[in-house]
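Remarks on the structure that follows.
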Amino acid sequence: MSRPNKADRRRENARREFAGKAWTAIVLGVMFLVVAPLFMRSPMTAMLAIALRPAGWTALAIGTALLALHYVLRRISASSPVEQAPPQRAIKSQDTKAAAVTAPQQTPSAPWPQATQQWSPAALASIEWRRFEAICEAFYAQAGLATRSQSHGADGGVDIWPQSKHMSAPRIVQCKHWLGKPVGVKEMREFRGVMASHQLQSGTYVTSSTFTADATAFAKANGIQLQDGAALLKLIGQRTPEQQAALLAVAYEGEYWKPTCASCGIKTVERERKRDGGKFWGCSNYPRCKTHFAMRSA
């Protein structure tokens with residue numbers, strides 16, 4: 001239902017005022033013709049009541065005529081068609097909505113890693129950590145394993161729980177999307193503690209980077225299977241072209257370059273430092289959440 005515009009409201013107010021004056025005239029006519037004779041019984045007041053009769057009939061006639069005219073105008077206004085908005089405006093509104101739906105994703109002002117057409121170290125480097133975890137989970141799913149993961153919040157050191165009836169024992173997977181920094185023995189000890197808390201003897205640690213020699217030795221002695229970026233790319237290369245393309249689609253889904261806040265599970269936004277104007281990624285829930293990431297260049 002459309003709301004009345006200002007002109008309609010002004011006309012309605014004028015009609016109400018018109019009707020009010022009509023009823024006022026009718027009331028005056030009734031008072032002069034009926035009420036006054038009831039109280040004017042003395043000879044002098046009776047003569048005054050008789051003198052008021054013409055004025056009473058006149059007021060009654062005017063009020064009745066005005067009231068009739070008011071109802072006629074009201075019927076005409078009610079039966080007139082409602083003014084429709086011009087078609088061009090409606091089409092423009094629809095076009096605006098369509099443009100909002102099909103608008104391209106917002107990209108940062110700083111350069112960002114471009115999507116690649118095939119699997120390579122550059123492909124792993126171009127995505128954010130959440131897309132890396134999604135790739136690993138999709139990789140296990142292609143192998144016929146049921147997977148369980150947690151997109152954000154405290155995960156207890158476990159990113160993926162692969163499950164299969166053919167597995168002799170439960171297994172957990174930790175994913176670390178690091179660039180230019182190897183995973184060290186400290187991370188291996190932490191992961192071994194997670195395995196112990198779940199009473200597990202084996203686990204898998206996957207990274208887009210590499211592992212230090214100490215981390216490799218610790219993992220070998222504690223039942224931790226390691227997969228660095230090169231090993232992961234080799235395994236992906238053994239999949240069919242269709243499976244590789246499907247994993248690549250997972251990698252570049254949505255705003256693949258924009259980091260996800262690990263605490264809130266939402267995409268970060270581009271922010272600027274006040275002291276030097278430098279760009280960085282900050283959580284959308286700031287200041288409640290102060291998670292931030294450095295902005296990588298292409």
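Where a number appears in this text, it was derived from the coordinates with a stated rule and is not lab data. Just so it is clear, the model here is predicted, and its values are computed rather than measured. Because the Cβ atoms are built from the backbone with ideal geometry, glycine has one as well, and the counts that use them run over all protein chains shown.
Using θ = phi - 60° in the Karplus curve 6.51 cos²θ - 1.76 cosθ + 1.60, the 3J(HN,Hα) couplings for the range 215-232 round to 5, 5, 5, 5, 5, 5, 7, 10, x, 9, 8, 9, 9, 8, x, 5, 5, 5 Hz; x is entered for Gly and Pro. Shown for LEU232, LEU124: other C-beta atoms within 10 Å of each C-beta, ranked fewest to most, produce the order LEU232, LEU124.
Reducing the range 170-189 and the range 219-298 to their Cα centroids gives an inter-centroid distance of 14 Å.
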